Amino acid sequence: VLELDGAGLSVDAIDAAGWPSPDLPLPELLHGFALEGAEAFDTWLELERGRVRARLVDAAMERAEAALARGSVRTAAEWAARIVECDPCSARGAMLRMRALALGGDPGAALAAHQHHVAALRAMGGEPLAEVTALAARLRDAPLSPGMAPARRLPLVGRGAVHARLFG
């Protein structure tokens, strides 16, 4: 717990509250707050912000994966988009976004998400993981036909062949 003039702020309370919706910005610990001449505090605050951000993104990833598992591809894609905004170099986030977009009937957007991920990595001097590249190749080689694109939210039940063809 951090005490500021008697007002308590629990870092764990931010973690517990989580990131309630992909429509909202990622909560940030003490957003906009700084103390002049307090380098040790600034260092601590940046470390805590990173720790809290990582925990919130992990929780959002779990929400996105759960949404995808129950067939809520739009919700999964929305969460994945926010995750990738927070960390464009996240292979896990990129693959989740690609899968959600492809299963939502938009393999072109899934491939665009791959290109965005690759560009972010290369800007940092990195390269995509083999799994990310393989997923993009499967999407390019076996795109969904227009008749397979769902007009509404569809569960994965009964779509095992499509899922297996796209994601192995």
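When 130, 134, 119 are checked against the criterion of being within 25 Å of residue 56 (Cα to Cα), at pLDDT 90 or above, open to solvent by 30 Å² or more (accessible area, probe 1.4 Å) and over 16 Å from the mean Cα position of the chain (by Cα), 119 stands alone in meeting it.
Evaluation of residue 147 against the conditions (1) in contact with a helix residue (DSSP H, G or I) (Cβ under 9 Å, 6 or more places away or on another chain); (2) in a helix (DSSP H, G or I); (3) modelled with pLDDT under 90; (4) of a type outside the set (Ser, Thr, Tyr) shows that the sole unmet condition is (1). Can you confirm whether residue 108 is in a loop (DSSP other than H, G, I, E, B) and at pLDDT 90 or above? When the stated conditions are applied, residue 108 does not pass them. If you take the residues of the range 150-168 that are farther than 26 Å from residue 88 by Cβ and hydrophobic (A, V, I, L, M, F, W, C), which of them is modelled with the lowest pLDDT? Applying the filter and picking the extreme gives 151. Within the range 27-41, the set of residues being closer than 24 Å to residue 85 by Cα and surrounded by 11 or more Cβ atoms within 10 Å (Cβ to Cβ) comprises 27, 28, 29, 30, 33.
Just one residue in the set 29, 45, 68, 56 is in contact with a Lys or Arg (Cβ under 7 Å, 6 or more places away or on another chain) and either of a type in the set (Phe, Trp, Tyr) or assigned to a helix (DSSP H, G or I) (or both); that residue is 68.
The requirement of being among the basic types (Lys, Arg) and either over 23 Å from residue 124 (Cα atoms) or in contact with an Asp or Glu (Cβ under 8 Å, 6 or more places away or on another chain) (or both) is fulfilled nowhere in the range 79-98; no residue meets it. Checking every residue in the range 98-116 against the condition of being in contact (Cβ under 8 Å) with a residue 12 or more places away in the chain, buried (at least 19 other Cβ atoms within 10 Å of the Cβ) and charged (D, E, K, R) gives at least one match. Of the residues making up the range 77-86, not a single one is outside any helix (DSSP H, G or I), among the acidic types (Asp, Glu), open to solvent by 50 Å² or more (accessible area, probe 1.4 Å) and modelled with pLDDT of 90 or more.
The values are calculated or read from the model by the stated rules, or taken from the named source; none is laboratory data. Predicted model only: the values in this text are computed from it and were never measured. Positions of Cβ are generated from backbone atoms using ideal geometry, with glycine treated the same way; all protein chains shown enter the neighbour counts. The accessibility values were calculated without ligands, DNA or RNA, using every heavy atom of the protein model including side chains. Shrake-Rupley method; radii C 1.70, N 1.55, O 1.52, S 1.80 Å.
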